[in-house]
Amino acid sequence: MDLIEQIKINLDSIKTINGVENVVLTQRDGNPIASSGVWLSKNEIFHVSAATSAIYNVGISLHGTWLKYMVVEGPKAKILIAPLHDDAGRLHSNNNLNMEWAEYFIALTTLANVNLGSVFIKTQNTLNNINDLILKSKQSFKPPLREFNEKQVEYILNKFSSKKDKDEMVTVSPIELNLGFETFKKCEDILWSFNKSIPDLIYSSVSFKGGYIINSIQPRTGFNLTPDSETAMSFSLYDTASRYAWLLKKMNTSSIFLDCNHYLHFIMGFDTGIFSSFVYRNEQKVGYIRLLLPKYLGLIQKVLEDGMHSSATYQAENKKILSPLMIR
């Protein structure tokens, strides 16, 4: 029995878990390896693998080897993305056992009402089996790269309508949001109120689409987070996950949960942006935090909507622009 057949048998065993619709094994570079469950067309196979690879790579850019798994949720389904590791929790590559990132990961799609924590526990042994099979085989799944000499490159380019390269100066203007200080302060007050409800809150932020930060708090020391960078990466993760969810299930992403070694990361989306929070694991109950998040997200949305409405009304009545909250 060849390696792919052995992997397929393990994937089929995951598919038998109640509520699991599809499971795909993918290489970090987006190269699809094997799947079990819902049939996908040729284009869908590559699109799904490329999209999950993008989500996974943004996740490890945010959290590195601390990332254990992430869950993308929407109204129709839950999607679990987890790197392969051994029983000791070490991330492995088929080329280097000490490699910083895992080379392979599983993307598992379930029904919306499934308890993914239970599914993840049930799949641990199977994921370890798949990882061991790949490690022992020392096989690479990467397709061979094709090399071209200069003559072949010129021949290919002549078949395209190509233009000559030229240096272009690109400038990016800052974005101005007409939100008064009162809106900014109310948003900050909500974040500090959230901190009182979650004693082990590390960091929390609110940002508009594109990752433009509105406000953030960092009540715990000893955890180095740069607000602008974190917000941009968290939004990138949410945006990429949203595209994937639409591609796979024609649904919008409502939230993302990332389980890391000693902390948890929650991302919730709303019409104009995201609400992102890091929480130390300690004695925190994930279910309790997930119940609180929608309440505070609703408060934040209301403040931003009121602030934008007041700004628009003031401008219309006075025919002038307020001093904006500048976001760079």
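The values are calculated or read from the model by the stated rules, or taken from the named source; none is laboratory data. Note that the coordinates shown come from a computational prediction; the quantities given were computed from them, not determined experimentally. Note: ideal-geometry Cβ built from the backbone for every residue, glycine included; neighbour counts use all protein chains shown.
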Condition check: without any contact (Cβ under 8 Å) to a residue 60 or more places away in the chain and under 19 Å from THR109 (Cα atoms). Does ASP239 satisfy that? yes
For GLY64, are the conditions met, namely being in a helix (DSSP H, G or I), surrounded by 20 or more Cβ atoms within 10 Å (Cβ to Cβ) and modelled with pLDDT of 85 or more? no
Name the residues in the range 11-45 that are in a helix (DSSP H, G or I) and over 23 Å from LEU133 (Cβ atoms), would you? LYS42, ASN43, GLU44
Only one of (1) under 14 Å from ILE267 (Cα atoms); (2) more than 20 Å from the chain's Cα centre (by Cα) is not met by ASP189, so which one is it? (1)
If I filter the range 27-41 for residues that are under 21 Å from the mean Cα position of the chain (by Cα), buried (at least 16 other Cβ atoms within 10 Å of the Cβ) and at pLDDT 90 or above, do I get at least one hit? no
